[in-house]
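Below: the structure, in structure tokens.
The values are calculated or read from the model by the stated rules, or taken from the named source; none is laboratory data. As the structure is a computational prediction, the values presented were derived from the model and not from experiment. So basically every Cβ, Gly included, is an ideal-geometry build from the backbone, and we count neighbours across all protein chains shown.
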Amino acid sequence: MKSPVNAQVLKEIAVTVTKLVSLLACLYFFICSLSFLSDSFRILGGKNIGALFSDSELLKNPVVGVMIGVLVTVLVQSSSTSTSIIVGLVSAGAPVKTAIPMIMGANIGTSVTNIIVALTQAGDREQFRKAFACANVHDMFNWLSAFILVIIECLTGYLEKLTGKLVENVGATNVTDVKSPDFLKALTKPFTKVLVQLNKKVLNGWAQNLPEYENATTVLRTGCHQHTPGGPSCNYLFAHLGPEGVNIGESYIGVILLAISLCMLCGCLIGMVKILNALLGTKVKRVIENVINADIPIRGLGWLTGYLAMLVGAIMTILVQSSSVFTSTLTPLAGAGLVSLERAYP
């Protein structure tokens, strides 16, 4: 009598483990799809990114600066990349006063990824309503913060003065090559570099209109010294479509990569939602909802719950080095009903 019971338990454990592995795989490829989405916009943007920064007189208008920050971040799908470009411009001689509105615009542009993720859940009206609301929470926070801070900055110049005071005693040592640890890229790079590799020096050179990159024709990585007879020097798939291969053109490569990234993103999101619903029974789901959305259960400390959620969000973003990845992962969880808007906002 014990054997059938044991077999049933083992079967349930095996099914649960399989679902957990599938969920982690969907999450991994979802993060990879965001990387591909970012790379596709960088390829499609190309030298047009540099054109946005070329008119110095136009950039003196703070509203124009904010919108350029938004456009550049939408093009490269990474606020980290756009802000590093802006920092490079300042180090090359651009005034800090011009860069501040662009930095704020970059924070607005990064929220576009959440909208794309929310739109993939349009098949289910209830999930789409919750996911789109969660995505808009991020949008509204960034827009309102940028509007208020830009107005205060234009009236007082407090950020320019404050940042100037912070660095006035800093030496002239060049530390621009120091990189912060990026744990997420260490996990995803083994897969993403098999499909596509970009030369970020060329992208930054175009953005800053550096003369040594004027004759560069591609943002794809070339010259890896791994030459195989009759093939490209770099061992990634899109190298065969680039200048060292068939050379179908940057626009076509960008469109193909964009289609691949959107298909991966939609497939992984649908998979995550389905697996979550199958993995979490109704009772378990209610328990998780109650735990995540509940206040701190210590009397008199319930008001600290929002601040604790802010701390968790800050730590997670520091760990993954991308606000887009963290908020885009939070969006489908809100769509599934596991996280309420009141908890997602902080």
The residue from Leu144, Leu166 that alone is modelled with pLDDT of 75 or more, over 28 Å from Thr327 (Cα atoms) and either acidic (Asp, Glu) or surrounded by fewer than 12 Cβ atoms within 10 Å (Cβ to Cβ) (or both) is Leu166
Selection from region 179-189 of residues more than 22 Å from Ile100 (Cβ to Cβ) and either modelled with pLDDT under 80 or not β-branched (Val, Ile, Thr) (or both) yields Lys179, Pro181, Asp182, Phe183, Leu184, Lys185, Ala186, Leu187, Lys189
Counting only residues in region 119-141 that are closer than 15 Å to Thr327 by Cβ and modelled with pLDDT under 80, the one nearest to the chain's Cα centre (by Cα) is identified as His138
Of the candidates Thr192, Thr176, Thr218, the one satisfying the condition of being hydroxyl-bearing (Ser, Thr, Tyr), at pLDDT 80 or above and either in a loop (DSSP other than H, G, I, E, B) or buried (at least 17 other Cβ atoms within 10 Å of the Cβ) (or both) is Thr192
